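Just so you know, all these numbers are worked out from the coordinates, no wet-lab data involved. Only a predicted model underlies this, so the values are computations on that prediction, with no experimental measurement involved. Glycine also receives a Cβ, built like all others from the backbone with ideal geometry; neighbour counts cover every protein chain displayed.
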Amino acid sequence: GENVEQHPSTLSVQEGDSAVIKCTYSDSASNYFPWYKQELGKRPQLIIDIRSNVGEKKDQRIAVTLNKTAKHFSLHITETQPEDSAVYFCAASRVRTGGFKTIFGAGTRLFVKA
Amino acid sequence: DSGVTQTPKHLITATGQRVTLRCSPRSGDLSVYWYQQSLDQGLQFLIQYYNGEERAKGNILERFSAQQFPDLHSELNLSSLELGDSALYFCASSVGQEVDEQFFGPGTRLTVL
């Protein structure tokens, strides 16, 4: 079935270092790849997204890359700050019978140490 | 604040009972999605509605059902509740039925005792 694998499950970095989270999807028809940040007890919030016709997208300290051939996409956070500490979820979506189904990865718990 | 509202915020009930969770999407959004998030787990897609019609279905149990009303609010009905149904239930909305950013509500925490 469709699934999204996300690695690592936990990531600890020093403030100022970079963090990289990787995801692999199985459904080759997926065409939208959002990344969500979820702080403890709060709702997931979109931080960046990429569509299948784009290979890379950047927004300040956050960037996402997509390799459609390998069915692989990654989140890069540079100059990490303690407030970046949260759980990050990748997801893959595709239009299906008039709607779309979003499959989420299991999440990566990021700790940024001051 | 995403503009998506969910009620109630917390719900405690017993096994075998039935509950209804309510969601109001952002103004102008026609699609509503329901997700289940168990403790320390990822988000499991349950179902999507667009303008009152079911559009996509995920791993939703037969004991669960949902609908979207003409005013676009949605309800998720959970029946014959089991301990394992305890989770955070999120509703999200987006503008259309095509792939697009989803805005999540604050969630309803369901505890089944």
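One compactness figure for region A:4-114 is 1.04, namely its Cα radius of gyration divided by 2.2 N^0.38 Å. Of the residues A:74, A:50, A:108, the one whose Cα sits farthest toward the positive end of the charge dipole of chain A, with +1 on the Cβ of Lys and Arg and -1 on the Cβ of Asp and Glu, is A:50.
For chain B, the C-alpha radius of gyration divided by 2.2 N^0.38 Å, with N the number of residues, is 0.99. For region A:1-44, the percent of C-alpha pairs falling in each 10 Å distance bin, counted from 0 to the bin holding the largest distance, reads 18, 44, 31, 6.
Considered as an equivalent ellipsoid built on the Cα gyration tensor, region B:55-104 has semi-axes of 23, 13, 11 Å, the largest given first. Relative contact order, whole percent, for region A:7-114 stands at 36, derived from Cα pairs under 8 Å and 6 or more residues apart.
In a simple Cβ point-charge model (Lys, Arg +1; Asp, Glu -1; nothing else charged), the protein assembly as shown has a dipole of about 180 debye relative to its Cα centre. Take the Cα radius of gyration of the protein assembly as shown and divide it by 2.2 N^0.38 Å, N being the number of residues; the result is 1.01. Straight-line reach from residue A:113: which lysines have a Cα under 26 Å away, not including same-chain ones fewer than 8 places off? Straight-distance partners of residue A:113: A:22, A:37, A:42, A:58.
In sequence order, region B:101-112 has phi-based couplings of 4, 9, 9, 8, x, x, x, 10, 8, 9, 10, 10 Hz under the Karplus curve 6.51 cos²θ - 1.76 cosθ + 1.60, θ = phi - 60°, and Gly or Pro positions carry x. Contact order for chain B, expressed relative to its length and based on alpha carbon pairs under 8 Å spaced 6+ residues apart, stands at 37 percent.
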